[in-house]
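Each remark here refers to the structure printed beneath this line.
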Amino acid sequence: MNRAERIKKLDELKETKKPYKQDDIIYRGEKKLMPVYEIPLELLIYNKYNGRILSMTKSYERQFRTLNPENFEDKALIEKFLWDSKENRNRTTLRDLRDWGQKRVGIVTRDGIVIDGNRRASLLNKISTEDSLNPMYFKAIILDDTLDDNPKEIMRLETSYQMGEDEKLDYNPIEKYLKCKDLIAVGFKPSEIATMMSEKESRIKEWLSIMDLMDSYLDDLGYSGIYTRLDKREGQFVDLNKYLNKYNNGTSLTDWPYKETDISDLKAIAFDYIRAEYEGKEFRSIALPSKKDSFFCKKDVWEAFRDEHFDQIDPINDAEPTVEELKEKNPGSDLSAILKVRDLNWKDRALPQLKKNLDTSQRDLDNVNEANQPLELLKRVQSTLSKVNTGIPAFYKDHQVANMISNIKQKINQLETIIQKHSN
């Protein structure tokens with residue numbers, strides 16, 4: 001059924017059918033009591049840019065083609081996105097719909113596009129197919145406007161219902177950032193978006209900044225627009241965005257006059273740890289603006305960490321097949337799945353080096369912080385030396401080991417000389 005036919009059918013339904021009930025809606029800046037109708041499912045079209053599945057839809061369209069929800073194949077794909085977005089929640093809602101029917105009404109445009117209720121409509125379609133129930137109905141308010149008639153106002157309404165305080169916790173984390181980006185692109189101001197999402201304007205600006213950082217990460221990897229590759233990485237981006245903003249604005253927490261190129265190095269290294277899905281305290285140690293808890297804030301620790309990182313990770317990055325090579329090797333395949341495998345293979349090779357360098361630098365940072373506690377440091381040295389296995393060839397045949405022992409001897413002699421000097 002095309003758009004003109006849907007408009008005709010929905011207009012007839014409003015004229016000839018008794019409303020199921022009345023329900024409140026805030027539209028065009030005012031609260032209205034509007035009739036709710038039982039709409040045959042065949043008259044509805046999914047909103048492919050629904051906030052629940054925005055990352056999946058955009059990733060798919062970036063790789064293949066623009067989705068047309070009126071097309072049967074694309075409709076099925078959108079239903080799959082909706083199901084996969086929260087499979088456990090969907091199973092629960094599916095049982096509830098079978099047992100009790102639709103409890104919360106939806107909102108559709110005059111031409112049948114579902115503005116609020118895409119997930120429920122998709123589950124009702126699933127029940128209709130699996131249980132051979134036809135016709136089946138979706139209870140919803142029918143707006144007087146089509147999407148084309150008033151796109152900004154409908155986007156405002158959609159965002160308020162989908163991403164408002166009661167709903168946004170049910171969405172995958174990345175979706176709110178993409179929604180903010182899209183709303184800015186069509187002319188909404190951060191203050192307006194804040195009202196729609198029941199958030200403070202400062203939070204919306206923060207989300208937009210994080211979205212820019214996420215886009216930069218994807219661009220650096222050659223994954224532009226493949227937003228599914230951000231899954232399970234939100235927390236690291238939130239932290240990194242705060243750190244970079246702090247350093248870009250200047251801070252007295254570092255013991256050296258870092259430059260813009262140093263911040264670029266920090267960002268590139270952090271991206272590698274994000275790719276490896278490092279999180280928590282260990283990730284924060286890289287860049288947290290802190291005089292005691294950050295590699296970047298201590299010049300000597302940072303430079304050793306940075307140089308070792310690039311020495312170890314650059315060869316791994318250079319050996320990777322490029323995204324273009326993978327596309328040529330797998331024409332027509334789902335790029336998101338291919339890139340997921342690429343990231344996992346990279347992680348297998350890079351993670352041991354990332355962990356080793358981070359652990360070494362953490363020990364260096366601890367030593368710097370305890371510089372004024374010589375006894376504690378020397379106890380640590382003694383403990384470390386006592387654990388060296390001297391019975392293996394790696395100890396007595398490696399010239400580097402012999403050189404290191406010689407250097408340690410020299411340092412010990414220097415320390416003894418200092419003690420003797422102050423004892424006299």
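One table, with the values for the structure above:
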read-out	value
Per residue Cα convex hull volume in Å³ - calculated over region 202-288	101 Å³
Among Met211, Met136, Met197: highest mean-square fluctuation, GNM of the chain, C-alpha pairs under 10 Å	Met136
Accessible area of the chain divided out per residue, in Å², using a probe of 1.4 angstrom	55 Å²
Longest to shortest principal axis, alpha-carbon extents of the chain, angstrom	107, 46, 39
Amide proton proximity set for Leu67, modelled H, under 5 Å, gap of 5+	none
Exceeding the 26 Å Cα-Cα cut-off - candidates Lys9/Lys86; Lys126/Lys200; Lys31/Lys139	Lys9/Lys86; Lys126/Lys200
Cα-centre dipole for region 134-291 with unit charges at Cβ (Lys and Arg positive, Asp and Glu negative), debye to 20	540 debye
Separation of alpha-carbon centers, region 402-416 and region 222-283, rounded to whole Å	38 Å
For region 274-424, convex hull volume per residue from C-alpha positions, Å³	167 Å³
Overall form of region 39-146 per C-alpha gyration tensor (a/c, 1.5; a/b vs b/c)	oblate
Gain upon complete extension [Phe395, Asp314; 0.36 nm per residue less C-alpha separation]	26.3 nm
Average silhouette area of region 104-237, convex hull of alpha-carbon atoms, in square nanometres	10.0 nm²
Whole-number percent relative contact order across region 72-221, with pairs defined as alpha carbons under 8 Å at least 6 apart	18 percent
Helix-derived mean residue ellipticity, 222 nm - over the chain, DSSP H n ≥ 4, -39500 (n - 2.57), to 500	-20500 deg cm²/dmol
17 Å Cα-Cα reach of Lys292 towards lysines, excluding residues that sit fewer than 8 places from it in its own chain	Lys246, Lys281
Contact order relative to length of the chain, as percent, for alpha carbon pairs under 8 angstrom and 6 or more apart	12 percent
Share of carbon and sulfur in the accessible heavy-atom surface of region 1-123 [1.4 Å probe, %]	46 percent
Candidates per trypsin sites (Lys or Arg not before Pro) in region 36-101, loop by DSSP, up to 13 other Cβ within 10 Å	Arg65
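The values are calculated or read from the model by the stated rules, or taken from the named source; none is laboratory data. For clarity, every value in this text was computed on a predicted model and none was experimentally measured. No Cβ is skipped: glycine too gets one built from the backbone with ideal geometry, and neighbour counts run over all protein chains shown. To get the accessible areas, we keep the full protein, side chains included, count just its heavy atoms, and leave off ligands, DNA and RNA. Shrake-Rupley method; radii C 1.70, N 1.55, O 1.52, S 1.80 Å.
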